[in-house]
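Before any comments, here is the structure.
Derivation of every value follows stated rules applied to the coordinates shown; laboratory data play no part. Remember, predicted model here, so these are calculated numbers, not experimental data. Cβ sites come from the backbone with ideal geometry, for glycine too, and all protein chains shown count toward neighbours.
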Amino acid sequence: GERTVWAIDTSANRNMTWIGSATRTTSGKPFATVWFRRTGMVWAPDYIQKLADESGHREVVVVGRGAPAFELLEELQKPERKLIVHVIDGGQFAAATGQMRDAVRDEDLVVVEQSDVELAVEGGVTKEYAENAAWSRTRSLPVDVSGLIAMSEALYGLVNLAPPPKKQIPKNVPQSAVLTRDDVASDEHDLATVRF
């Protein structure tokens, strides 16, 4: 029932797309994981839609430019999907990388053992972005770090991005009333009933 944020990332060679997720445990610690992975890309928007419909959690994080998953953005943002799409830029992507490293270092993150993620942690390479380090899909090859990136983006979304506020429904809405006029003279036109 806790708020869950999804994230999508695609490998540099476009062979594999990863779905990451982040939520909080009952103790309040963030929990991040790779939820699913599959070859190709085009399946991802429908899969995220299915996850959102089944879980009720509609937030998804995607890098806005410079990443293969960017191509999915238009499809994810279609109004009929009713997804809350958080588009992050390069600076936020670098912050996501740093926050993931900080959370691991500070033991402020719950994870489960996933061999693909462990391989990405061991073989992943970063690149400089301004004065930050960001995961590099191409420099990390032949290791695919996109699963780790999806986890990092989901964690960033959970910790730093807020969903839009829910619409508040007024509690004491007065009942509607029908108003009639009895002060209209017989030779006057009642604008409520006159035909133009």
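List the GluC sites (Glu not before Pro) in segment 14-108 that DSSP assigns to loop (not H, G, I, E or B) and whose Cβ has at most 12 other Cβ atoms within 10 Å. Which are they?
Glu107
Sort 28-35, 39-46 by the packing proxy (mean of other Cβ within 10 Å over each peptide's residues), most packed first.
28-35, 39-46
Distance in nm between label sites at Leu119 and Asn15, each 7 Å beyond Cα in the beta-carbon direction?
0.9 nm
Just add up the charged neighbours of Val159: K/R +1, D/E -1, any other residue whose Cβ is under 14 Å from the Cβ of Val159.
Details: positive: Arg3, Arg24, Lys29, Arg101; negative: Glu2, Glu59, Asp102, Asp106, Asp108, Glu153.
Spelling it out: positives minus negatives among the neighbours equals -2.
If you keep only loop residues by DSSP, which GluC sites (Glu not before Pro) in segment 125-163 have at most 16 other Cβ atoms within 10 Å of their Cβ?
Glu131
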